[in-house]
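Structure first, then comments.
Each value in this text was obtained by applying a stated rule to the coordinates, not by laboratory testing. Since the model is a prediction, treat every value here as computed from it, not as a measurement. We place every Cβ from the backbone using ideal geometry, glycine too, and count neighbours over all the protein chains shown.
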Amino acid sequence: MTTWGRVITIGVVLWCFSGGQPLFALTLDEAKSKGLVGEKSNGYVGLVSPGSGEAQALANEVNQKRRQAYEEIAHRNGTSLNAVETLAGEKAVANTKPGNFVEGSGGWVKK
C-alpha cells in the first residue's frame with residue numbers, strides 16, 4: 001500500500017470512529033463558547049448572530065435530534081411535546097455555562 005493509501009485508510013477509520021462527522025467539525029460546546037449559538041427557553045439552540053453556515057448546520061442537527069428525543073419522552077410519559085420542550089429549555093438555560101448565550105425576553109444575553 002502506498003503512503004497516500006495508508007493516509008486515506010487512516011482518515012476513513014478515524015472518520016468512522018468519530019461518528020461519521022468530519023474530524024474538524026464544530027461541536028456544540030465550541031459553538032457555544034465562540035458565541036455562535038445559544039440555548040433557547042423552548043429547549044432548542046439558536047443562532048446568536050447569523051452568518052456561520054457551519055453553526056447553522058450544527059444548530060439544525062442538534063435541534064432535529066432534540067425534537068426526536070422530546071417526542072419520544074412525551075409519548076412515553078403521555079404528556080405534550082410542548083411540556084417536554086419547556087422543561088428541557090428551563091434545564092438547558094439553567095445549565096448554561098457562564099459566558100455563553102441564552103435567549104432572554106429582549107434577545108440574546110450572556111449568562
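Check which residues have an amide H placed less than 5 Å from Gly43's amide H, if you skip close sequence neighbours.
Long-range HN contacts for Gly43: Gly89.
Return the sequence-ordered ³J(HN,Hα) values of the range 50-61 in whole Hz as given by the Karplus equation 6.51 cos²θ - 1.76 cosθ + 1.60 applied to θ = phi - 60°, using x for Gly and Pro.
These are the phi-based 3J(HN,Hα) values: x, x, 9, x, 5, 5, 5, 5, 5, 4, 4, 5 Hz.
Apply the Karplus curve 6.51 cos²θ - 1.76 cosθ + 1.60, θ = phi - 60°, to the phi angles in the range 94-103 and return the couplings in whole Hz, x for Gly and Pro.
Computed from phi, the couplings for the range 94-103 are 5, 8, 5, 5, x, x, 8, 8, 10, 8 Hz.
Taking amide H positions as placed 1.01 Å from N in the peptide plane, with prolines and chain starts having none, which residues 5 or more places from Gly35, or on another chain, fall under 5 Å of its amide H?
none
Hand me the chymotrypsin sites (Phe, Trp or Tyr not before Pro) from the range 20-100 located in a DSSP loop with no more than 10 other Cβ atoms within 10 Å, in residue order please.
When the chymotrypsin sites (Phe, Trp or Tyr not before Pro) of the range 20-100 are filtered for loop state and at most 10 Cβ neighbours within 10 Å, Phe24 remain.
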